[in-house]
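Before any comments, here is the structure.
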Amino acid sequence: MQFKRVVVTGIGALTPIGNSAREYWDGLANGVSGADTITKFDPEHFKTKFACEVKGFDPSDHLDRREVRRMDAFTHYAMVVANEAMTDSGLEEKDYDPDRAGVIWGSGIGGLNTLLTETRKFIEGGEIPRLSPFFIPMMISDIAAGYISIKYNMRGPNYTTVSACASSNNAITDAYRHIRLGKSDVIVTGGSEACVNELAIGGFSSMKALSERNDDPKTASRPFDKDRDGFVLGEGGACLVLEELEHAKARGAKIYCEVGGAGLSADAYHITAPHPEGLGASHVMEKALEDAGMKATDIDYVNVHGTSTPLGDISETKAVQTVFGEHAYTMNISSTKSMTGHLLGAAGAIEALACIMAIHEGVVPPTINHFTDDEEFDPKLNFTFNKAQKRDVEAALSNTFGFGGHNVSVILKKYHS
């Protein structure tokens, strides 16, 4: 079978360090931290009092009043980044067959803010609790994909992938494969998450997963640092417009890069802890390389999952060294979660976008907040500590791993005609 080539023709982002794709990239390239004291609720009674919130964003600047009221924040984010990506792509409805255009979105949790609000109303509502008639459609994780498809009249594949923190890389993988197999011409893909609330902070805190560096939030996300103490919760989203190459060329689209390949695997080990030797992580990177028909030496940059947890960073680094061998010492590695925090189900989308921009701009974004070397990590590895590095990036690999042992790797590469 002759596979189709898949390219990226539009991008959009809403993140803790920038409210557009360009602002996000500028934040990454300049090593900006998005962490600060929580403003969405009073965190006084929580062990962790900070997060990476989206800043200066008002959904009513982008959506009409009715849409704002009837959508959870994760859908607000999805609609805004999809609009930016579609505008950036130059795609109009006349440019595609609606039956061959679709939306595949990722969200690990969906409308958690709505769930919290409506549960409070139920508990405090007396004998006859009054719940919003939009409670269910606001909460369910698939609703963002539905709204995007309605707006752009895309009648092809339409669903949401849910694999915890691997969700949006799962969505990108599925979108790539639909187009690659010739089933679709255009798919809007990515992910969004809006979980900076009492439930998420309290739940992750009780697991001891979050950093508690309340005295210095901006440096709390410290991947690969000896003093790392957990991840920083983030929110936001990103969107990619994926398009079949000939379809894109026929309309004269600008092309950011090509999707080279993708891999999926499971740790089959533990519900939250990674395999200590990184077996699932190494398998998924190997599968992505195989899918792309590429060698390990073809990869210039790995955007690692790198959450700043004691076990996860070690496990993933072992996997990188297993897969790349001596070539690992010539690559750049970085964790952009050091700047954005961990966007859960949206992490893959914003980190795939970081890889796209690294390829497009010839710059590798840094791993910030490195202060103390950890003897657990090979000092010869280039973790791109604290400052971006100029580099011609022909191909980059993005890792995302989720609770439940879900692993996804996506390879992006320079487009060559």
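Look at (1) at pLDDT 95 or above; (2) open to solvent by 10 Å² or more (accessible area, probe 1.4 Å); (3) out of contact with any Phe, Trp or Tyr (no Cβ under 9 Å at 6 or more places or on another chain) and you find that Phe122 fails only one, number (1). The set of residues in segment 292-304 that are of a type outside the set (S, T, N, Q) and surrounded by 22 or more Cβ atoms within 10 Å (Cβ to Cβ) comprises Ala292, Ile299, Tyr301, Val302, Val304. Of the residues in segment 189-206, at least one is of a type in the set (Ser, Thr, Tyr) and over 30 Å from Glu44 (Cβ atoms).
Applying the set (1) surrounded by fewer than 20 Cβ atoms within 10 Å (Cβ to Cβ); (2) in contact (Cβ under 8 Å) with a residue 60 or more places away in the chain; (3) under 18 Å from Gly402 (Cα atoms); (4) touching a helix residue (DSSP H, G or I) at 6+ places or on another chain (Cβ under 7 Å) to Pro276 leaves exactly one unmet item: (2).
Please enumerate the residues belonging to segment 50-77 that are of a type in the set (Phe, Trp, Tyr) and within 17 Å of Glu118 (Cα to Cα). Within segment 50-77, just Phe74 meets the criteria. Just to be sure, is Ser308 under 22 Å from Glu376 (Cα atoms) and in a loop (DSSP other than H, G, I, E, B)? So Ser308 fits the description; yes.
Among the residues of segment 116-131, is any assigned to a helix (DSSP H, G or I) and small (Gly, Ala, Ser)?
If we filter segment 116-131 for residues that are assigned to a helix (DSSP H, G or I), which is where we start, we get 116-124.
In the following step, the residues that additionally are small (Gly, Ala, Ser) were identified as none.
No; the residues of segment 116-131 include none that is assigned to a helix (DSSP H, G or I) and small (Gly, Ala, Ser).
Of all residues in segment 93-115, those satisfying the criterion of being in a helix (DSSP H, G or I) and open to solvent by 30 Å² or more (accessible area, probe 1.4 Å) are Glu93, Lys94, Asp95, Asp99, Arg100, Asn113, Leu115.
Screening segment 4-89 for helices (runs of 4 or more DSSP H) wholly inside it with 3 or more residues that are open to solvent by 60 Å² or more (accessible area, probe 1.4 Å) returns the ranges 21-29, 65-70.
Let's see how each residue does on (1) more than 18 Å from Glu53 (Cβ to Cβ); (2) open to solvent by less than 10 Å² (accessible area, probe 1.4 Å); (3) at pLDDT 95 or above; (4) outside any helix (DSSP H, G or I):
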| site | (1), (2), (3), (4) |
| --- | --- |
| Asp313 | yes, yes, yes, no |
| Ala319 | yes, yes, yes, no |
| Gly325 | yes, no, yes, no |
| Ala328 | yes, yes, yes, no |
| Met339 | no, yes, yes, no |
| Ala346 | no, yes, yes, no |
| Ile350 | no, yes, yes, no |
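Summed over segment 279-309, the residues that are of a type outside the set (Ser, Thr, Tyr), in contact (Cβ under 8 Å) with a residue 40 or more places away in the chain and at positive phi give a count of 1. Tally time: how many residues in segment 122-166 are out of contact with any helix residue (DSSP H, G or I) (no Cβ under 9 Å at 6 or more places or on another chain) and of a type outside the set (Val, Ile, Thr)? Selection size over segment 122-166: 8. The set of residues from segment 386-417 being within 15 Å of Pro366 (Cα to Cα), of a type in the set (A, V, I, L, M, F, W, C) and open to solvent by 10 Å² or more (accessible area, probe 1.4 Å) comprises just one member, Ala388.
Residues that are under 24 Å from Ala220 (Cα atoms), part of a strand (DSSP E or B) and out of contact with any Phe, Trp or Tyr (no Cβ under 6 Å at 6 or more places or on another chain) within segment 364-408 comprise Phe385, Gln389, Ser398, Asn399, Thr400, Phe401, Gly402, listed in sequence order.
The values are calculated or read from the model by the stated rules, or taken from the named source; none is laboratory data. All values derive from a computational prediction rather than experimental measurement. Cβ coordinates were reconstructed from backbone atoms using ideal geometry, including for glycine residues, and neighbour counts include every protein chain displayed. With ligands, DNA and RNA removed, areas are computed over all heavy atoms of the protein, side chains included. Shrake-Rupley method; radii C 1.70, N 1.55, O 1.52, S 1.80 Å.
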